[in-house]
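*Asks:* The structure follows.
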Amino acid sequence: MKGKKIILGITGSIAAYKAASLIRALVKKGATVQIVITPAGKEFITPLTLATLSRHPVISDFFSNRDGTWNSHVELGLWADAMLIAPASASTIGKMAHGIADNMLITTYLSCKAPVFIAPAMDLDMYAHPATQQNLKTLRSFGNHIIEPDTGFLASGLEGKGRMPEPDDIVTVLDDFFASRKDLQKKKILITAGPTYEKIDPVRFIGNYSSGKMGYALAEACAGRGAEVLLISGPVALKTEHSAIKRINVESADEMYEEAVGAFPLCDIAILCAAVADYRPEHKASEKIKREQHDTLTIPLVRNKDIAATLGQKKQSRQTLVGFALETEDEITRAKDKLRRKKFDVIVLNSLNDRGAGFGYDTNKVTLIDRYGLETGIPLKSKTEIAEEIIDYLVQSAVSVI
């Protein structure tokens, strides 16, 4: 937890009094805590108490009442290593599940790129109600972490499940999470991402629709878990966030080949996520080709060097090689054939037949296939979540040397 940046969301629940102890426990662990509280939350615990314990001003409104300064939920969402909503009332859980952004806490949640932890706190019948359970199911499907409430004496005088867990127990959940997310420490990971552009003339090229989002999500996930990442990127409109990512920009398949082959011997893992062009024009025109000069235009193409096959031939027993496949028909058979030919340890299969998956989307749906033919499906999720699941798979897989 030391050095971690935590957004603590506090909602309108009697359990808000526990937030004081929770803040102290987080700060004692070395975390920086920024509190975002709902208007109802301020009825249960004062911002002065929270600001004193966290040593940071408490955020509740979109604008400062004094000078109109804007509290940027976007910047908060990018700043955090984790967001924790504790206590999370039934109302806030419902708003989170349905994207009802009517307060600063919900807008911050919707902007948050970091893992989100939710500690429900309410009366037993509210917690057990089908609406609440469906909302929690929805939040789990988004990749949020639900910290199950305790069973015990409740503010209503009843006894049952609905108590917010004790602060030390919540801190242990976060502590364990961050400890497990350092499982790639001292590992050197090569990742290729994005498209390649093969020039026809100075202004035209052969390319594809790859946005690079999946490869960049994998780079951030690996760096966040302690790895030293070399990201070889084709032309994309993306930025890297983590300081442990070294980015090399390339344009053509030949350039990506040279960088990847040169770096591979020092790497423990290579994840080939880039959509590399199979062919390039045999000749590149030195001047812009004019339409008036040609009724028809034929461009002879030659095959590019095969990055995956070359790395497969060079792979040592201490290394893990992961490939990607994008297929439009007979997907599993073709992916398995590519895995065998390229000598991958694992192949990640995308399909353009899956709505919301493939080029350009923020979401993806994949099937992981290892060299023994074992298939593991990951349902449609954000590419950030898919990246974490791919890394989880590699950490646990029998075919990986991680």
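*Asks:* Could you work out how far the C-alpha centroid of the range 295-344 sits from that of the range 233-283, in angstrom?
*Replies:* When both Cα centres are located, 14 Å separates them.
*Asks:* According to a simple spin-label model (label point 7 Å from Cα along Cα-to-Cβ), what is the distance in nm between residue 129 and residue 362?
*Replies:* Roughly 2.9 nm, to one decimal.
*Asks:* Shifting gears a bit: For the range 141-154, take each phi angle, set θ = phi - 60°, evaluate the Karplus expression 6.51 cos²θ - 1.76 cosθ + 1.60, and give the result in whole Hz per residue in order, putting x for glycine and proline.
*Replies:* Each residue of the range 141-154 in turn: 5, 7, x, 6, 9, 9, 8, 4, x, 7, 9, x, 6, 10 Hz.
*Asks:* Another question, then. Can you tell me the accessible area per residue over the chain, all protein chains present, probe 1.4 angstrom, in square angstrom?
*Replies:* Accessible surface, normalised per residue, equals 50 Å².
*Asks:* May I pose another question? Over the range 299-402, what relative contact order in percent results from Cα pairs under 8 Å that are six or more residues apart?
*Replies:* 21 percent
*Asks:* Give 18/42; 2/161; 213/342; 5/182; 187/246; 187/365 a once-over and call out the pairs whose C-alpha atoms are over 22 Å from each other.
*Replies:* The answer is 2/161; 213/342; 187/365.
*Asks:* Over the range 109-171, calculate the relative contact order: mean separation of alpha carbon pairs under 8 Å at least 6 apart, over the residue count, as a percent.
*Replies:* 38 percent
*Asks:* Only Cα pairs under 8 Å and at least 6 apart count here; give the relative contact order of the chain as a rounded whole percent.
*Replies:* Computed value for the chain: 11 percent relative contact order.
*Asks:* Taking a ≥ b ≥ c as the square roots of the Cα gyration tensor eigenvalues, with a/c under 1.5 meaning rounded and otherwise prolate when a/b beats b/c, else oblate, which class fits the range 73-113?
*Replies:* In terms of gyration-tensor shape, oblate.
*Asks:* Here are labelled values, [x] 0.98; [y] 1.10; [z] 1.06, and one is the computed Rg/Rh (Cα atoms, Kirkwood Rh) for what I pasted. Which one?
*Replies:* Only one listed value fits the structure, namely [z].
*Asks:* Next question, about the same structure. For the chain, give the magnitude of the charge dipole about the Cα centre (Cβ charges: +1 Lys/Arg, -1 Asp/Glu; no others), in debye to the nearest 20.
*Replies:* For the chain, the charge dipole is close to 880 debye.
*Asks:* At a 1.4 Å probe radius, which order do 371, 355 fall into by accessible area, largest first?
*Replies:* 355, 371
*Asks:* Let me ask you something else. Let me make sure I get this right: for the range 216-268, a, b and c are the square roots of the gyration tensor eigenvalues over alpha carbons, sorted descending. Under 1.5 in a/c it's rounded, otherwise prolate if a/b > b/c, else oblate. Which is it?
*Replies:* Here the range 216-268 falls in the oblate category.
*Asks:* Run down the aspartates and glutamates and flag those whose C-alpha is under 12 Å from the C-alpha of residue 4, throwing out any fewer than 8 positions away in its chain.
*Replies:* 81, 175
*Asks:* Restricting the count to DSSP beta bridges whose residues both fall in the range 268-353, what percent are antiparallel, rounded to a multiple of 5?
*Replies:* Roughly 25 percent of the DSSP beta bridges within the range 268-353 come out antiparallel.
*Asks:* For a quick check: with amide H placed at 1.01 Å from N, whose amide H comes under 5 Å from residue 206's, ignoring anything fewer than 5 positions away on the same chain?
*Replies:* Residues meeting the amide H criterion: 198, 199, 200.
*Asks:* Continuing with this model, one more query. List, in order, the whole-Hz ³J(HN,Hα) value for each residue of the range 122-139 obtained from phi through the Karplus relation with A = 6.51, B = -1.76, C = 1.60 and θ = phi - 60°; use x for Gly and Pro.
*Replies:* 5, 5, 4, 6, 5, 5, 7, 4, x, 5, 5, 5, 5, 5, 5, 4, 4, 5
*Asks:* Hey, any idea what % of the chain's accessible area is carbon plus sulfur with a 1.4 Å probe?
*Replies:* Roughly 51 percent of what the probe reaches on the chain is carbon or sulfur.
*Asks:* Give 343/381; 113/239; 199/315; 29/188; 113/381 a once-over and call out the pairs whose C-alpha atoms are over 19 Å from each other.
*Replies:* Those over the limit are 343/381; 199/315; 29/188.
The values are calculated or read from the model by the stated rules, or taken from the named source; none is laboratory data. Computed from a predicted structure; not experimentally measured. Ideal geometry is used to build each Cβ from the backbone, glycine not excepted, and the neighbour counts take in all protein chains shown. Just the protein is used for accessible areas: all its heavy atoms, side chains included, with ligands, DNA and RNA removed. Shrake-Rupley method; radii C 1.70, N 1.55, O 1.52, S 1.80 Å.
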